[in-house]
Amino acid sequence: MAGDWIKMRVALQRDPQVVRIWRYLGENQPAGLTDRMGRHLVVGALHALWTMAQDASADGELEGCVAEDIDVMLEIPGFGQALLDAQWLTETGSGGLVVPGWEKHNGQGAKRRASNQQRMK
């Protein structure tokens, strides 16, 4: 279906914020993972988070959700707080979380722009 997608950058695993998130997780790193595999784990978890946000919300807001809920949903202790520290999640004033820049990257306008760009190619 045309609307069932999320934006992922090609070199996301090399983004300094991804490295920062992985570094934050530190001692929670699963045994045996190298640094390179760790960054890929973070990218996979980000994909899962963004997919969940797409399914749960039109605007990237996760009402009633706290950082610890992200940890439980994605099975990565400390991941929610790491995202808050990296500012890839922010807390709302009403007791929830929001993915900043959602409309720019994954909203209907972004999807329309991407579809138009693909069609013009």
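The values are calculated or read from the model by the stated rules, or taken from the named source; none is laboratory data. Not measured: the values here are computed from a predicted model. No Cβ is skipped: glycine too gets one built from the backbone with ideal geometry, and neighbour counts run over all protein chains shown. These area figures cover heavy atoms from the full protein model, side chains too; ligands, DNA and RNA do not enter into them. Shrake-Rupley method; radii C 1.70, N 1.55, O 1.52, S 1.80 Å.
Points worth noting:
- With both labels modelled 7 Å from their Cα along Cα-to-Cβ, the residue 11 to residue 90 distance reads 2.7 nm.
- With a 1.4 Å probe rolled over the protein heavy atoms of all chains, the accessible area of 99, 66, 72 falls in the order 72, 66, 99, largest first.
- Across segment 41-101, the volume of the C-alpha convex hull divided among the residues equals 76 Å³ per residue.
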